[in-house]
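Take a look at the structure below.
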Amino acid sequence: MTEAATRRTPGTPCWTSLMVHSLAATQDFYHSLFGWEFAPGPQQLGAYVRAVQGGRPVAGLSELPPERHLPVAWMTYLASDDADETAEMIRACGGTVAVGPLDTDEASRMLIAADPEGAVFGVWQECAYAAAEPGAPGTPVWHELLTRDGTGVLKFYRMVFGYQAETAAPEEPGCRTLRLDGRPVCAIQSVGDALPRGRGPYWMTHFAVDDVDETVRRVTALGGQVVRPPTRGATGHRATVRDPQGAAFTVVRRTEG
């Protein structure tokens, strides 16, 4: 990551990662689905690889220890200028810091936290990954927090990251777009009882694809499941799916213009 890297405004999603029970099987799935290649990651993170698309890192994959029977889920990292200061703000605003802040191998610091409703997210200081081509197939293009009632937790994220919030499009009731300096960066979606039983609030990663219907067909052929069938809206064509280990994500072809 060199001169092509850009500094992210604090609060901007800057990375996404997935902890799984079988790293090899997960690599096979996403290579077949998105065409990802893989490169070794920091050794101190154990069994960890970076997914690469178009020569640029797009996501991280790591393997859970055999004794850790945790649910598999994509995790969004939010940029910070000072991970230690952000950790203090998270605690002061009712959140929990579970890991870190700690140094990585790239002159940066990171932590893993949970908001007051229990949704897990990461914070990364000096995340210097060069961005892949915007909207390129197989790259993250949007991040959205799914929670039962976003009203309360919205205050937490506004206080910690300084977001400005606005109601999203009419066809997305309960959705608030979060902006930084007037630019939309992520969203909070209130889903009420539609949140699966036994599943707390969580951040959802959206990946760009050329053809949503074909991608959904490939997901099921590769052993995944459809959570929400393809639908069309003002912002594009999308579907929500799960990989064979249970991690949910959304695939989207955005409307041009």
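The values are calculated or read from the model by the stated rules, or taken from the named source; none is laboratory data. It should be emphasised that the depicted structure is a prediction, and the values quoted were computed from it without experimental measurement. Cβ: placed from backbone, ideal geometry, glycine included. Neighbour counts: every protein chain shown. Surface areas here come from the heavy atoms of the whole protein model, side chains and all, with no ligands, DNA or RNA. Shrake-Rupley method; radii C 1.70, N 1.55, O 1.52, S 1.80 Å.
Details
- Selection count, the range 221-243, where residues are of a type outside the set (S, T, N, Q), part of a strand (DSSP E or B) and either open to solvent by less than 50 Å² (accessible area, probe 1.4 Å) or touching a Phe, Trp or Tyr at 6+ places or on another chain (Cβ under 7 Å) (or both): 6
- Residue within the range 84-95 that is at pLDDT below 90 and among the basic types (Lys, Arg) present: no
- Boolean, Pro134 is open to solvent by 50 Å² or more (accessible area, probe 1.4 Å), modelled with pLDDT of 95 or more and not in a helix (DSSP H, G or I): no
- Subset of the range 175-197 that is open to solvent by 10 Å² or more (accessible area, probe 1.4 Å) and small (Gly, Ala, Ser) - its residue that is farthest from Val160 (Cα to Cα): Ala194
- Checked against (1) open to solvent by less than 50 Å² (accessible area, probe 1.4 Å); (2) touching a helix residue (DSSP H, G or I) at 6+ places or on another chain (Cβ under 8 Å); (3) modelled with pLDDT of 95 or more, Ser32 meets all criteria but (1).
- Pair list, Cβ < 6 Å and 6+ apart or interchain, from the range 239-251 residues that are modelled with pLDDT of 95 or more to residues that are outside any strand (DSSP E or B) and among the hydroxyl-bearing types (Ser, Thr, Tyr): Val251/Thr215
- Residue match in the range 244-255 (condition: in a loop (DSSP other than H, G, I, E, B) and touching a helix residue (DSSP H, G or I) at 6+ places or on another chain (Cβ under 7 Å)): yes
- Taking the criterion of being within 13 Å of Thr16 (Cβ to Cβ) and either assigned to a loop (DSSP other than H, G, I, E, B) or modelled with pLDDT under 95 (or both), the residues of the range 121-130 that qualify are Trp124, Cys127, Tyr129.
- Condition check for Met159: in contact (Cβ under 8 Å) with a residue 24 or more places away in the chain, of a type outside the set (S, T, N, Q) and not in a strand (DSSP E or B): yes
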